[in-house]
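Following: one structure in structure tokens, then a few remarks.
None of the figures in this text is laboratory data; all of them are computed from the coordinates on show. It should be emphasised that the depicted structure is a prediction, and the values quoted were computed from it without experimental measurement. Cβ placement follows ideal geometry from the backbone for every residue including glycine, while neighbour counts extend to all protein chains displayed.
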Amino acid sequence: MLRAVCFDFGDTLVSTRLDWGRIHPAMLDGLQAALEPHLPQVDYRRLRRDFLFLRRMGKIRAEQTLVEAPATDSLARALVLQHVGPVPAAVLQQGVDGFFAPEEAEYSLVAGIPEALARLRVMGVKLAVISNATCGALIRRALERRMLLPFLAEVVVSAEHGRCKPEPSIFRSALSRLDVAPGQAAMVGDRLPTDIAGARAAGMRAVLVDFLGDGGHVPPNAIRPDAVVRSPEEMLRVLKAWMA
């Protein structure tokens, strides 16, 4: 019997398909504005370049090793290149928060998601988010501001867990917090290589979603999800059947 459902964040609960060319300069401005009162000696033109480079390298390493590179770590390393540090953790977090604020402001709810989560909670299902992200505060803030956080018992983010999906340990961490066995849980996400493959490796059922209308294809040799759905309403029908 299904007792818990874990959700991916981006393009599952919230659309994160943004105009990065427009938003990225504002993100770097936000980083500088947050740090400058604390670190006026920094060469911010160089910091912007180094921070972005280290984030790109961290993303590549994370894809290869499944070890996450938190944004605060990338920022601290960029500052060390200018012989600035150690910088208090709170200041690093302020800088990262300033960097991500313009991005988070652009997120939009996937239509029908709040209603679907509310119905699952009424049915007694425990809900969680498992997200690959370099900043846990970004994910929690986005969930809170879109009124989704009250539905969730747990939020597990790779930046805090240390490992990324599809590493099974991040799924098992969420299930342990929920006090639910893998066979009693399902993962709902939009990416086969991370959400579906990781959930299946952890012993969970897996639902591939195509809520934005341009995905959902499963190649012949790929790991198979237990279901593919195109809307939150269709997702609910699948999950309710597994609760029987």
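Quick look at the values:
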{"item": "Under-5 Å amide H pairs with D11, H placed in peptide plane, nonlocal only", "result": "T16"}
{"item": "For the range 44-59, Karplus couplings with θ = phi - 60° (6.51, -1.76, 1.60), whole Hz, Gly/Pro x", "result": "6, 4, 5, 4, 4, 5, 5, 4, 5, 4, 5, 5, 5, 5, x, 5"}
{"item": "Net charge of neighbours whose Cβ lies under 11 Å from the Cβ of V129, counting Lys and Arg as +1 and Asp and Glu as -1", "result": "-1"}
{"item": "Neighbourhood net charge (10 Å Cβ-Cβ; Lys/Arg +1, Asp/Glu -1) for V209", "result": "-4"}
{"item": "Angstrom value of the Kirkwood radius, inverse mean 1/r, which spans all Cα pairs in the range 125-244", "result": "14.7 Å"}
{"item": "Cβ-Cβ FRET estimate between A222 and Q93, R0 fixed at 45 Å, reported to 0.05", "result": "0.75"}
{"item": "Modelled FRET efficiency - R0 22 Å, E106 with F53, Cβ distances, 0.05 increments", "result": "0.40"}
{"item": "Computed [θ] at 222 nm, helices only, for the chain once each DSSP H run of length n ≥ 4 contributes -39500 (n - 2.57)", "result": "-15000 deg cm²/dmol"}
{"item": "On Cα atoms only, tilt of 89-106 relative to the major axis of the chain in degrees", "result": "60 degrees"}
{"item": "Over the range 20-106: Kirkwood hydrodynamic radius from C-alpha pairwise inverse distances, Å", "result": "13.1 Å"}
{"item": "Total formal charge among the other residues, if their Cβ is under 15 angstrom from that of G30, Lys/Arg +1 and Asp/Glu -1", "result": "-2"}
{"item": "The chain, relative contact order in percent, only Cα pairs under 8 angstrom and at least six apart counted", "result": "25 percent"}
{"item": "Three semi-axes of the equivalent ellipsoid, the chain, Cα gyration tensor, whole Å, largest first", "result": "34, 18, 16"}
{"item": "Virtual spin-label span in nm between D19 and A244, 7 Å along Cα→Cβ", "result": "4.7 nm"}
{"item": "Karplus 3J(HN,Hα) series, Hz, for the range 23-38 with 6.51 cos²θ - 1.76 cosθ + 1.60 (x for Gly, Pro)", "result": "7, 4, x, 5, 5, 5, 4, x, 4, 5, 4, 6, 8, 4, x, 8"}
{"item": "Whole-Hz ³J(HN,Hα) from phi, Karplus 6.51 cos²θ - 1.76 cosθ + 1.60, for the range 219-236, glycine and proline x", "result": "x, x, 9, 7, 4, 8, x, 6, 7, 10, 10, 10, 8, x, 5, 5, 4, 4"}
